[in-house]
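The values are calculated or read from the model by the stated rules, or taken from the named source; none is laboratory data. Remember, predicted model here, so these are calculated numbers, not experimental data. We place every Cβ from the backbone using ideal geometry, glycine too, and count neighbours over all the protein chains shown. SASA here: full protein model, heavy atoms, side chains in, ligands and nucleic acids out. Shrake-Rupley method; radii C 1.70, N 1.55, O 1.52, S 1.80 Å.
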Amino acid sequence: NIREVYSGELYLLRNGFSETVFSYNPEKYDSFTLVLHGNLSSFQGIDVVLELGKLLENYGNRLQILVIGKGSDDYKFRECNISTIKYLGPKPHHEIATIIQKAHVGLSFRKAGKISEDAFPVRAYEYIGVCLPILVTPISEAGRYIEQLKIGYQFEPEQIKEMVSAVEDLMFNSELYQSLINNLKESRGSFSREVISADFVKALLQKVRS
């Protein structure tokens, strides 16, 4: 804890998303699409994605999970035989933005643990940038923030059935889904790097001048 060694004033400088890369696009894939992108390492909730994909197979081609990225555990997606999951491999940053814009829900699944509980993954910012409702594991700082803004839901990794229910609610309840999109449109601006940087410079100048 930083407070154990420093008692002065702190300013939290968040990462955010780039407005020049990530923007809202109302055009979506025909299939209801969940997307996961980023580092596919052992810290990520890859097994949760696989289990979720299995439980959603009964929807056939009406639903798909797109996975973008690479890492030490990407072989689990390359070798999986789950019809809902489509592994696209690594993609350039601008192409990732184009793909996730057309999805319906963003997945930010990490394994349980202190690091994950305190994290706000970059992918979550980027989902906000393209106005995707977000499902988060584990219960965490990012998840609490997302639920507070009413732009998604958080779960513990073992709450697979609850995740399936959330996906089904978003897939079939258009009023609920649209309410999350509206909340995202309203709140996304405060997460852009351009706004975050401007606010930081303003706070810094005020401190210097005081």
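The figures follow:
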{"item": "Calculated FRET efficiency for the pair Asn81/Lys28, C-beta based, R₀ 25 Å, to 0.05", "result": "0.40"}
{"item": "Stretchable slack from Val21 to Leu176, in nm (0.36 nm times residue separation minus alpha-carbon distance)", "result": "53.1 nm"}
{"item": "Per residue, in Å², the accessible surface of the chain once ligands and nucleic acids are set aside, probe 1.4 Å", "result": "52"}
{"item": "Carbon + sulfur, % of accessible area of the chain - ligands and nucleic acids excluded, 1.4 Å", "result": "51"}
{"item": "Solvent-free Debye scattering, log10 I(q)/I(0), computed from the Cα coordinates of the chain at q = 0.08, 0.14 Å⁻¹", "result": "-0.29, -0.83"}
{"item": "Cα centre as origin, Lys/Arg/Asp/Glu Cβ charges: the chain dipole, Debye", "result": "520"}
{"item": "Out-of-range pairs (alpha-carbon distance over 18 Å; input Lys54/Lys102; Lys70/Lys91; Lys54/Lys86; Lys76/Lys111; Lys150/Lys185; Lys54/Lys161)", "result": "Lys54/Lys102"}
{"item": "Angle between the chain longest axis and helix 46-55 axis [Cα atoms, degrees, rounded to 10]", "result": "40"}
{"item": "Theoretical gain in end-to-end length, Ala198 to Leu88 [0.36 nm per residue, Cα-Cα removed]", "result": "36.1 nm"}
